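Structure record follows, encoded as structure tokens.
FYI, it's all coordinate maths here, none of it is from the lab. Computed from a predicted structure; not experimentally measured. Ideal geometry is used to build each Cβ from the backbone, glycine not excepted, and the neighbour counts take in all protein chains shown.
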């Protein structure tokens, strides 16, 4: 398979349980997880923004990744993530409004495109429209920070996704968490929002539920259906990046096997395992560790 990831790599400062950790973030999780799944015949490509000089701690992330398009940046965006036990984390960026470029010439060579909206500015709506018009493969979009606005202090605040219906119309598979789901529609219940999302042309809606697992919505003979999977039991070190791992796993196995249920199972399993790792670099061991772990 030939897979393309579009999104921004960032430098994370994670504040959790009184501890401060610095780490490569953003699509660093996506790319490292995909490398763990990839077989000898798979090619992983990226469209992203990169500074001229890549810090040494970020270089392992891009090892063995092919560059489809690199847009220039003065530095990696830096984000401070403050993790709370009972509510959504706080996110504050130093800067984040650098759109990346996904050239249309050559898109037809890919089997799938994963767009991870790390900053919310990664891809413009018009760019996505152009990609959809020129690409018949699978388009997977993780809503992520597209569901957050930006205040004067660069703090990301939840707000309705502008032109949500247009984003959805140009996407095959959508991933979001519960808070992000609420930003796709003013409707109140998950089922009603899922029905709206699928009515826009989305084939599968994936809602991650944190420690409660994940749910997938789809249509079967015109009716709204859903599949729920409980999480993998593991010792949790941190949940940062597990949504990115979830997306990487579902995307990889769905493009490979075209089976949504088994892809959901892989996504829940791998993202659960990821919560037990100490760093993004450990994600390279995902597939090996999953094989050694009994279901």
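What label, among (1) 17.6, 52; (2) 18.7, 56; (3) 21.9, 68, belongs to Rg and Dmax of the Cα atoms in Å computed from the structure on display?
(1)
Sorting check: for 243-250, 283-290, which peptide has the highest mean count of neighbouring beta carbons within 10 Å, and how do the rest follow? Write down the numbers at each step before the final one.
Numbers: 243-250: 28.6, 283-290: 18.0.
In descending order of packing, they fall as 243-250, 283-290.
Highest GNM mean-square fluctuation, the chain, Cα pairs closer than 10 Å: which of 33, 260, 274?
260
Quote to one decimal, in nm, the extra length available between residue 228 and residue 169 on full extension: 0.36 nm per residue of separation minus the C-alpha distance between them.
On the way: separation 59, 0.36 × 59 = 21.24 nm, distance 2.44 nm.
Gain on extension, residue 228 to residue 169, equals 18.8 nm.
What is the extension gain from residue 212 to residue 104, computed as 0.36 nm multiplied by their sequence separation minus the C-alpha to C-alpha distance, in nm to one decimal?
Working: separation 108, 0.36 × 108 = 38.88 nm, distance 3.88 nm.
Stretched fully, the residue 212-residue 104 segment lengthens by 35.0 nm.
For region 1-54, what mean projected area does the convex hull of the alpha carbons give, in nm²? Let's see the in-between values first.
Values: hull surface 19.2 nm².
Mean projected area for region 1-54: 4.8 nm², to one decimal.
So what's the back-of-envelope 222 nm ellipticity for the chain, counting only DSSP H runs of four-plus at -39500 (n - 2.57) apiece and dividing by all residues, rounded to 500? Intermediate results must be reported in sequence, preceding the final value.
On the way: 9 runs with 84 residues, N = 295.
The per-residue figure over the chain is -8000 deg cm²/dmol.
Kindly state, to the nearest 0.05, the FRET efficiency for residue 133 paired with residue 236, given R0 = 30 Å and r defined as their beta-carbon distance.
The formula returns an efficiency of 0.10 here.
Rounded to whole Å, give me the distance from the Cα center of region 14-74 to that of region 161-230.
27 Å
Over region 1-70, what is the percentage of antiparallel beta bridges among all DSSP beta bridges, to the nearest 5?
Details: 8 of 17 bridges.
About 45 percent, rounded to the nearest 5.
When DSSP assigns beta bridges and you keep just the ones with both residues in the chain, what percent turn out antiparallel, to the nearest 5?
Values: 27 of 62 bridges.
Taking every DSSP beta bridge within the chain, about 45 percent pair in antiparallel fashion.
Looking at the chain as a GNM with Cα springs under 10 Å, which of 153, 71, 23 has the largest mean-square fluctuation?
Among 153, 71, 23, the largest mean-square fluctuation in the Gaussian network model of the chain belongs to 153.
Give the calculated FRET efficiency between residue 57 and residue 220 to the nearest 0.05, with a Förster radius of 45 Å applied to their Cβ-Cβ distance. Before the final figure, lay out the partial values.
On the way: r = 46 Å, r/R0 = 1.02.
Efficiency computed from Cβ-Cβ geometry: 0.50.
Obtain the nm distance between the two label points defined at residue 158 and residue 70 by a simple spin-label model: each point lies 7 Å from its Cα along the Cα-to-C-beta direction.
3.7 nm
Please compute the length gained on full extension between residue 22 and residue 191, using 0.36 nm multiplied by the number of residues separating them and subtracting their Cα-Cα distance. Don't skip to the end; give the middle numbers.
Values: separation 169, 0.36 × 169 = 60.84 nm, distance 3.79 nm.
Full-extension gain reported as 57.0 nm.
For region 127-224, what does the alpha-carbon gyration tensor say about shape, rounded, prolate or oblate, given a ≥ b ≥ c as the root eigenvalues, a/c under 1.5 as rounded, and a/b over b/c as prolate?
Working: a/c = 1.79, a/b = 1.17, b/c = 1.53.
It is oblate, given that a/c is not under 1.5 and a/b is not larger than b/c.
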